[in-house]
Amino acid sequence: MAVEELQSIITRCQILEEQDFKEEDFGLFQLAGQRCIDEGHIEQLLEIIQNEKNKVIIKNMGWNLVGPVVRCLLWNKEDEKRKYYFLMLDLLVKLCNPKELLLGLLELIEEPSGKQISQIILLLLQPLQTVIQKLHNNKAYSVGLALSTLWSQLSLLPVPYSEEQIQTDDYGLCQCCKALIEFTKPFVEEVIKDKENSMENENEKLKDELLKFCFKSLKCPLLTAQFFEQSNEAGNDPLRCFASEIIGFLSAVGLPFPKMFFNHGRKKRTWDYLEFEEEEDKQLADSMASLAYLVFVQGISIDQLPMVLSPSYLLQFNMGHIEVFLQRTEESVFSKGVDLLENGLLRIEDNSLLHQYLEIKSFLTVPQRKKSLAMLQLYINKLDSQGKYTLFRCLLNTSNHSGVEAFIIQNIKNQIDVSLKRTHNNKWFTGPQLISLLDLVLFLPEGAETDLLQNSDRIMASLNLLRYLVIKDNEKDNQTGLWTELGKIENNFLKPLHTGLNMSKAHYEAEIKNSQENSQVQKSKDLCSVTVGGEEIPNMPPEMQLKVLHSALFTFDLIESVLARVEELIEIKTKSTPEENIGIK
C-alpha cells in the first residue's frame with residue numbers, strides 16, 4: 001500500500017515542471033516514503049529512487065528521506081537490510097539538491113545527545129563532505145557552518161583523561177577527532193593550492209573558516225586533553241595526532257607559523273581579520289595557551305620556531321599562557337601550566353632569571369600540591385638574588401599556609417648561607433634588607449594567641465633559621481644584622497612563643513584529662529567529641545582522641561626544645577669571647 005501510494009504521488013509529479021511542485025507534494029512524498037521504510041519496502045523504494053524518470057523529483061524531494069534512513073542505520077544495527085540503507089543514503093547524497101541536503105544533514109547531527117553524538121557524526125561526515133564539495137557557490141559559508149555544528153556537538157562529549165579511557169573511547173571522541181581531520185583535509189588542500197597558484201582572495205573566506213575551527217579545536221578538546229608520554233606510544237595517541245594535524249592546518253593555511261604564534265597579545269594581532277564573535281574572541285587566550293603547551297611541552301611543530309630565541313624571552317612570552325592555565329581549577333588544565341612553566345625554567349641557567357620576570361601573580365597563590373612546590377623550588381633556583389628576595393617577601397605575605405611558609409623560610413636560610421660564604425656579601429640576604437625579611441619570619445601573627453599547632457611548621461622553620469643565624473654570625477661581625485635586632489626578635493617572637501607554649505600545653509593537658517574522665521563515664525558509647533582551640537574534633541573513639549591530643553603535646557614539646565636551644569646559644573654568644581665561639585656548631 002505504501003509503495004503504491006508513493007508511486008501515485010510520483011506519477012502525478014512527473015508531468016509537472018520543477019517550479020510547479022507544491023509544498024503539499026513535498027509533504028505527501030515524505031509521508032509515503034517514510035511509510036515505505038517503516039514497512040520494510042526498502043528494495044522497491046531503491047528502484048523508485050534509481051529510476052531515471054524520477055530524477056527531478058528525487059533531486060527536489062528526496063532529501064526528506066535522509067532523516068528516516070539515517071535513523072534506521074542508527075537504531076537497527078543488526079538489521080539485515082542495512083546494506084540497502086547505506087546504498088539509499090549514498091544515492092540520495094548523489095542525486096538530491098546539495099543545499100537542502102546540507103541543512104538536513106546538519107539538523108540530523110544536532111539532534112542526538114550522549115554517545116549517539118559520535119555515532120551520527122561518524123556516519124554522516126563522509127556524506128557531508130561530498131555534499132559540500134558539490135556546493136561551488138558559498139563553499140566557505142557551508143564549510144564554516146558544518147565545522148561549527150560539528151565542533152559544537154563534539155564539545156558536549158567528555159574528554160578522556162587517562163590512557164585507558166583514550167583507548168576504550170567510550171563516547172567516541174577520539175574516533176570523531178580522527179574522522180574530522182579527514183573531513184577537513186580536502187578544504188585545507190584547496191586553500192594551499194590557491195596560495196600556490198597566487199589566485200586573488202578567492203579562498204580567503206574558506207581560509208578564515210578553517211582557522212576559526214583550528215582555534216576552537218585548540219580550546220576544545222585539546223585544552224583539557226591528556227597525552228601519552230613522548231615515547232613509542234605517542235604515535236598511537238589519537239588526541240596527540242589530532243593536535244599535530246590541527247597545528248599543521250594552522251601552519252598550512254595561516255600566516256607563517258612564528259609570526260602567527262608570537263604576535264598573540266599585541267595591539268594588532270595577525271588574526272584580527274578573522275572577525276571572531278565576541279564569545280569566540282574571549283576563548284582565544286585559552287586556545288593560544290593550549291597551542292603554547294602543545295608546541296613547547298609536547299614538542300609539536302617546535303622545529304618551525306626560530307632557534308635564536310633566548311630561554312628568557314621564551315619564558316617571558318609564555319608567562320601569559322602559564323597564567324591562563326594556573327587560573328583554572330581543573331587538574332588536567334592546571335597541571336599544563338605547571339608543565340609549561342617547568343619547560344621554560346629548565347632552559348634557563350640557575351640564578352640568571354632577572355627579577356623583572358616576576359609576573360605570574362597567580363603562581364604565588366596556587367594550591368600547594370607536590371608538583372607545585374617542586375616547581376616553586378625550580379623557579380626560585382632560576383631567579384637572581386633580588387628576584388628570590390622579592391618572591392620570598394611576596395609568598396610570606398600571601399601564602400597563609402604554614403607548610404609553604406616553612407618551605408620559603410628554609411630557602412631564605414639557604415640563601416643566607418650562600419651569601420655568608422661569598423667574599424662579597426649579597427646585599428639582599430645580609431644587613432638591612434635581610435632584617436626587613438626576617439621581620440616577616442621571626443614573629444607570631446597573633447602574638448601569644450597564635451594557634452601554635454596550625455603554625456607549627458612555620459614556627460619550627462623560623463626557630464631553625466634563628467638557630468643557624470646565632471651559630472654562623474658572630475656578634476662582632478654582625479653580617480646579617482641579627483645582633484642589632486635581637487631585642488626586637490625576643491619581644492616579637494621568643495617571649496610570645498614562650499607564653500603561647502605555656503597556654504597551649506595547659507589547654508591540651510586539660511583536654512586530655514577531660515577526655516580520660518569522659519571515656520570512663522562513656523564506656524558504653526563508641527564515640528565521643530572534644531573541643532580543641534575552639535573547634536570540635538570530629539567524633540572518634542576515645543583512644544583515638546587521646547592520640548590526637550598527645551600528638552599535639554609532643555609537637556609543643558618539640559618546639560619548646562628547639563626554643564630552649566636557641567636561647568641557650570644566644571646566651572652563650574652574648575657572654576663568651578670570639579675565640580670561644582669557634583667551638584659552637
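The values are calculated or read from the model by the stated rules, or taken from the named source; none is laboratory data. Everything numeric in this text was worked out from a predicted model, so none of it was measured. All Cβ positions, glycine included, derive from the backbone under ideal geometry; neighbour counts span all protein chains shown. Keep in mind that these areas ignore ligands, DNA and RNA; they rest on the heavy atoms of the full protein, side chains included. Shrake-Rupley method; radii C 1.70, N 1.55, O 1.52, S 1.80 Å.
Go through region 392-492 and tell me which helices (runs of 4 or more DSSP H), entirely inside it, have 2 or more residues that are β-branched (Val, Ile, Thr) and within 36 Å of the chain's Cα centre (by Cα).
Details: elements: 402-421, 431-441, 456-472, 486-489.
In region 392-492, the matching helices (runs of 4 or more DSSP H) lie at 402-421.
Does LYS83 count as without any contact (Cβ under 8 Å) to a residue 24 or more places away in the chain, in a helix (DSSP H, G or I) and over 30 Å from VAL191 (Cα atoms)?
Numbers: without any contact (Cβ under 8 Å) to a residue 24 or more places away in the chain: yes; in a helix (DSSP H, G or I): yes; over 30 Å from VAL191 (Cα atoms): yes.
The answer is yes for LYS83.
For region 33-79, how many residues meet the condition of being more than 14 Å from LEU95 (Cα to Cα) and of a type in the set (Lys, Arg)? Even if it seems obvious, please write down each step before you answer.
Step one: of region 33-79, the residues more than 14 Å from LEU95 (Cα to Cα) are 33-45, 67-79.
Going one step further and asking which of them are of a type in the set (Lys, Arg), we end up with 35, 71, 77.
Within region 33-79, residues that are more than 14 Å from LEU95 (Cα to Cα) and of a type in the set (Lys, Arg) number 3.
What is the number of the single condition among (1) modelled with pLDDT of 55 or more; (2) under 14 Å from LEU211 (Cα atoms); (3) part of a loop (DSSP other than H, G, I, E, B) that THR270 does not meet?
All conditions are met except number (1).
Name the residue, out of GLU446, GLU511, that is open to solvent by 20 Å² or more (accessible area, probe 1.4 Å), touching a strand residue (DSSP E or B) at 6+ places or on another chain (Cβ under 7 Å) and at negative phi.
Details: GLU446 fails: touching a strand residue (DSSP E or B) at 6+ places or on another chain (Cβ under 7 Å).
Only one candidate passes the filter, namely GLU511.
I need every pair where a residue in region 31-47 that is surrounded by 16 or more Cβ atoms within 10 Å (Cβ to Cβ) has its Cβ under 6 Å from the Cβ of a residue that is basic (Lys, Arg), sequence separation at least 6 or different chains.
Qualifying pairs under 6 Å: ILE42/LYS81.
For (1) aliphatic (A, V, I, L, M); (2) open to solvent by 30 Å² or more (accessible area, probe 1.4 Å); (3) modelled with pLDDT under 60, each residue gets a yes or a no:
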residue: GLU517; (1), (2), (3): no, yes, no
residue: VAL521; (1), (2), (3): yes, yes, yes
residue: LYS525; (1), (2), (3): no, yes, yes
residue: PRO541; (1), (2), (3): no, yes, no
residue: VAL548; (1), (2), (3): yes, yes, no
residue: GLU568; (1), (2), (3): no, yes, no
residue: GLU571; (1), (2), (3): no, yes, no
residue: THR577; (1), (2), (3): no, yes, yes
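On the basis of being charged (D, E, K, R) and crowded, with 17+ Cβ neighbours inside 10 Å, does ASP457 make the cut?
On the way: charged (D, E, K, R): yes; crowded, with 17+ Cβ neighbours inside 10 Å: yes.
So ASP457 passes the test.
Quick test for you: out of SER162, SER142, SER118, pick the one residue that is surrounded by 15 or more Cβ atoms within 10 Å (Cβ to Cβ), over 29 Å from ILE58 (Cβ atoms) and among the hydroxyl-bearing types (Ser, Thr, Tyr). Reasoning before the result, please.
Values: SER162 fails: surrounded by 15 or more Cβ atoms within 10 Å (Cβ to Cβ); SER142 fails: over 29 Å from ILE58 (Cβ atoms).
On inspection, the qualifying residue turns out to be SER118.
Anything in region 136-151 that is assigned to a helix (DSSP H, G or I) and either β-branched (Val, Ile, Thr) or without any contact (Cβ under 8 Å) to a residue 40 or more places away in the chain (or both)? List them, or say none.
To start, the set of residues in region 136-151 that are assigned to a helix (DSSP H, G or I) comprises 139-151.
The answer is VAL143, THR149.
So if I check each of ASN414, ASN397, ASN381, ASN426, which one is over 17 Å from THR484 (Cβ atoms), open to solvent by less than 50 Å² (accessible area, probe 1.4 Å) and among the polar types (S, T, N, Q)?
From the options ASN414, ASN397, ASN381, ASN426, the qualifying one is ASN426.
Among the residues of region 128-163, how many are under 29 Å from the mean Cα position of the chain (by Cα) and either of a type in the set (Ser, Thr, Tyr) or modelled with pLDDT under 90 (or both)?
Matching residues across region 128-163 total 7.
Looking only at region 61-89, count every residue that is in contact with a Leu (Cβ under 8 Å, 6 or more places away or on another chain) and basic (Lys, Arg) and tell me the total. Even if it seems obvious, please write down each step before you answer.
If we filter region 61-89 for residues that are in contact with a Leu (Cβ under 8 Å, 6 or more places away or on another chain), which is where we start, we get 62-63, 65-67, 69-70, 73-74, 82, 84-89.
Imposing the further condition that a residue be basic (Lys, Arg) reduces the set to 82.
Going through region 61-89 one residue at a time, the tally reaches 1.
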